[in-house]
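Everything on this sheet refers to the single structure shown next.
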Amino acid sequence: MSYAKNLLSRGEEVVFESRQHWLAVLGQTWLFVMGAILVLAVLIWATSSDLGSIEGGVQVASLVLLIISLAYLGLKIWAWRNQEYLITNRRVIKAEGIFNKQMGDSSLEKVNDARLTQSWLGRIFDYGNLDIMTASDQAEKGMVNDFPMMAEPVKFKVAMLNQKERLEFPDLAPPPPQRPAPAPEMQRAEPMPPRAGSTQVSEVRSDGASATPPSSAPAPAVAAAGSGDVAKTLESLAGLRDKGLITAEEYEAKKRELLERM
């Protein structure tokens, strides 16, 4: 995590982040860029040409100058990457430096004015100079928070003014967006298997298979004519018992009833 973000207080959130435009780095290092290109060309020329006794000295000097130029460019780019211009819901923060950090912050409640200056080139490449004047003691002495050649200065200023308005007029601030709760997953109802002892038996086929059971399934009517009908009825009841449509107790009860009628 960055240096400035590690110093945020409880409940403080970053709403916008920026730094200097890359053209600012180019403006500070263009001489070293041109020098590095020139030194590299001299080094290549000295390596490919026969300069006699001075060849080694020219190569060493060119190599040293090239290393110095590249090291300076690397430090400038590293320092640029460590710049932090932050707008939080409470403060304006400016942090700079690689090893030795320099950090300044101003409460949004103390911000009195913000002056933005953009040239025609700055409007094309989206950079500008932003000066923030606060109500602190330094501001009374003429001090301002200076952000030179800031990238996206318009968005930075708008974000700062919006957060300042939310602090001063909390009733006008829109409520934070709430993510809708996910809908519960629908579960497919599984068919319940027929329960032994239920009364949902419709009829008994001759082969022992059962059809769709109605609400009431009485046992087949028992014919009191002869033993042949009784035996066929017992076979049907046994088939119902084996399929689990009637219990063994119901089967034994019907069996005793049939046997008593013979």
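Holding the Cα-Cα limit at 21 Å, pick out from LYS101/LYS155; LYS110/LYS157; LYS76/LYS157; LYS101/LYS157; LYS101/LYS164 the pairs that are longer than that. Please list the in-between numbers first.
Numbers: LYS101/LYS155 26 Å; LYS110/LYS157 15 Å; LYS76/LYS157 26 Å; LYS101/LYS157 24 Å; LYS101/LYS164 27 Å.
Too far apart for the 21 Å limit: LYS101/LYS155; LYS76/LYS157; LYS101/LYS157; LYS101/LYS164.
5 Å is the cut-off here: which amide hydrogens, built 1.01 Å from N in the peptide plane, fall below it relative to ALA151, excluding neighbours closer than 5 in sequence?
The list, which skips near neighbours in sequence, is ARG19, GLN20, HIS21.
Quick one: 3J(HN,Hα) in Hz for the range 65-70, Karplus 6.51/-1.76/1.60 with θ = phi - 60°, rounded, Gly and Pro as x.
5, 5, 5, 5, 5, 5
How much accessible surface area, in Å² rounded to 10, belongs to the heavy atoms of ASP131 with a 1.4 Å probe?
Near enough 30 Å² of accessible area.
The values are calculated or read from the model by the stated rules, or taken from the named source; none is laboratory data. Computed from a predicted structure; not experimentally measured. With ligands, DNA and RNA removed, areas are computed over all heavy atoms of the protein, side chains included. Shrake-Rupley method; radii C 1.70, N 1.55, O 1.52, S 1.80 Å.
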